[in-house]
Amino acid sequence: MPIDYNSLIPNNVNLSDNRRLQRALEEWQPKFLDWWGDMGPAGFQAREAYLRTAISVDSQGWAHFDYVKMPDYRWGIFLAEPEAERKVNFGDHKGEAAWQEVPGEYRGVLRRLIVTQGDTEPASVEQQRLLGQTCPSLYDMRNLFQVNVEEGRHLWAMVYLLDAYFGRDGREEAEALLQRRSGDDDKPRILGAFNEATPDWLSFFMFTFFTDRDGKFQLASLAESGFDPLSRTCRFMLTEEAHHMFVGETGISRVIQRTCEIMRDFKTDDVRKHGAIDLPTLQKYLNFHFSVSVDLFGSEISTNAANYYTMGIKGRFDETRIGDDHKLTDASYKVLEAHGDGFREVEASALTALNERLRDDYVADCARGVMRWNQIIKRHGIDFELKLPHRAFHRQIGQFSELKVSPEGKIVSQAEWDAKHHDWLPTEDDRLFVISLMKPVTEIGKYAGWIAPPARGINNQPIDFEYVRA
Ligand code: BYC
């Protein structure tokens, strides 16, 4: 079904046929716009940015590029096309027709998952709110705004599900999504990583690489859901998520590129005095963002995760491509546990180990990106390798949160942690240095000195295109 752009809320869900839902969303819309005005990109609401908007949800050319002021962005409700005869593909209900309504007994659990997912979207916009003011180029500023408006749309996606399927409770949750605030002591966002600050562009690129990638894996698992509207919503969200991870991966690639050029040209490791970010500092930022993002997968052993699966609500990554019984009642899965001053693998029930399995998929995906970053370093003939820290390093969630663990995976004493953690995580000095580089560069075609220009522009435009108009 095509997207209806004539109604107040663009949609491909026949909103005009459902007056109750339409009214609920139209009441929420001005509150969303107020929130966007207060918490969206600060200082740039009146500027025209070259943004893409969905015009159709099929794989061919759903994106349309044009200049738009962010408050005029056509946020709407877009679900991937339904799959004919779709089934519940895992858990106790495997083989039944996928649900078009919420099964009464799973209502609370489903609502909670949708709220948790929904909460991350406005949180990230809040975290990135001030970054436009220190952008390294108009190209980067445009990418930031693209990410921001799409996170806003992902919030719309979850609010649609809450309003359409959860009645009054859903409406209350939709309001609450606009009331919590990232980092707020009294009403913080739900998940840890979404209360961390994103004060500079290095953090932003790391966030879009590592934390948006959690989004990829969580959305992919929810896209397997037996609750079909959730599945279709997440499938379309995933197409937008890909660009966010591209921003992160290429952003860090460009930082590395510039650092390596300076190391090579000036024959020095001390690139800070040339206004670039040294590789050890990049490693520390990587350690930080990886560790807060692996926390987002929850505990290694989780009855919540087992229940979501058995209920048919949240599957595994690529569930339908896995060749097993999709019930997992008798299956096992290897998880790590602390042993001596290191770790060992033990067999756990595959159902309760589902968070860990998804984390494994995630870590492997991160490792591929880090390998591509290392190729840039290698091409410059530099002997340095970025590494993912051990998954038990710097954890706040799960069994490893009790331990102090080095990036190499050695369990260390509190005293050793205190002595070494400034080599492993960004120090106040590192953060101040990175922030000192964050001077806005807004001349067309110019790029800050700490980051290389991109290889190509957006939508085949040149890199000196006016991505955001003055
Ligand atoms: N911080 O059984 P456990 C994205 C809580 S990112 C704080 O271990 P479970 C995006 C947990 O809630 C994707 N609390 O975990 C990216 C539970 O609380 P209760 C977001 C945490 O439930 C960038 C307790 O600890 N989507 O889209 O199996 C920009 C024990 O729970 C954390 C989703 O997360 C944490 N890190 O799994 C924009 C998908 N971890 O029950 C957007 C939906 C756990 O004791 N969410 N807890 O009160 C889920 O699937 C699950 O809620 C989780 C946790 C995977 C997060």
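The values are calculated or read from the model by the stated rules, or taken from the named source; none is laboratory data. Keep in mind it's a predicted model, so treat the numbers as computed, not measured. Cβ: placed from backbone, ideal geometry, glycine included. Neighbour counts: every protein chain shown.
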- [ ] Mind counting the residues in the stretch 58-103 that are outside any loop (DSSP other than H, G, I, E, B), among the small types (G, A, S) and modelled with pLDDT under 95?
- [x] 1
Open item on the list: If I go through the stretch 356-409 residue by residue, how many of them are charged (D, E, K, R) and not in a helix (DSSP H, G or I)?
Closed with: 7
Open item on the list: Suppose the filter is in contact with an Asp or Glu (Cβ under 6 Å, 6 or more places away or on another chain) and surrounded by fewer than 19 Cβ atoms within 10 Å (Cβ to Cβ); does K378 pass it?
Closed with: no
Open item on the list: Looking for something among the basic types (K, R) and assigned to a loop (DSSP other than H, G, I, E, B) - is there at least one such residue anywhere in the stretch 439-448?
Closed with: yes
Open item on the list: Suppose we filter the stretch 410-432 for residues that are in a loop (DSSP other than H, G, I, E, B) and basic (K, R); how many remain?
Closed with: 1
Open item on the list: Given the condition in contact (Cβ under 8 Å) with a residue 12 or more places away in the chain, away from the ligand (no atom under 12 Å from the Cβ), in contact with a strand residue (DSSP E or B) (Cβ under 8 Å, 6 or more places away or on another chain) and not in a helix (DSSP H, G or I), answer yes or no: does some residue in the stretch 212-232 qualify?
Closed with: yes
- [ ] Pick out the one residue from A353, A367 that is of a type in the set (A, V, I, L, M, F, W, C) and in contact with a strand residue (DSSP E or B) (Cβ under 7 Å, 6 or more places away or on another chain).
- [x] A353
Task: Residues of the stretch 122-145 satisfying the condition of being part of a helix (DSSP H, G or I) and either without any contact (Cβ under 8 Å) to a residue 40 or more places away in the chain or under 13 Å from F44 (Cα atoms) (or both) - done: L131, G132, Q133, T134, L138, M141, R142, L144, F145
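Let's see how each residue does on (1) small (G, A, S); (2) within 11 Å of the ligand (Cβ to nearest atom); (3) touching a Gly at 6+ places or on another chain (Cβ under 7 Å):
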position	(1), (2), (3)
E126	no, yes, no
Q133	no, no, yes
E150	no, yes, no
L161	no, no, no
TODO: Determine if the stretch 309-331 includes at least one residue that is without any contact (Cβ under 8 Å) to a residue 60 or more places away in the chain, within 13 Å of the ligand (Cβ to nearest atom) and surrounded by 14 or more Cβ atoms within 10 Å (Cβ to Cβ).
DONE: no
Open item on the list: Given the criterion over 25 Å from K94 (Cα atoms) and more than 15 Å from the ligand (Cβ to nearest atom), identify the matching residue among D184, D200.
Closed with: D200
- [ ] Go through the residues of the stretch 23-44 one by one and say whether even a single one is surrounded by 11 or more Cβ atoms within 10 Å (Cβ to Cβ) and within 17 Å of N459 (Cα to Cα).
- [x] no
Open item on the list: Being touching a strand residue (DSSP E or B) at 6+ places or on another chain (Cβ under 9 Å), more than 30 Å from R357 (Cα to Cα) and either surrounded by fewer than 19 Cβ atoms within 10 Å (Cβ to Cβ) or modelled with pLDDT of 95 or more (or both) is true for just one of T442, T427. Which residue is that?
Closed with: T442
Open item on the list: Tell me yes or no: at least one residue of the stretch 286-307 is surrounded by 19 or more Cβ atoms within 10 Å (Cβ to Cβ), under 24 Å from the mean Cα position of the chain (by Cα) and away from the ligand (no atom under 16 Å from the Cβ).
Closed with: yes
- [ ] Please specify each residue of the stretch 321-357 satisfying the condition of being aliphatic (A, V, I, L, M) and modelled with pLDDT of 95 or more.
- [x] I322, L328, A331, V335, L336, V346, A348, A350, L351, A353, L354
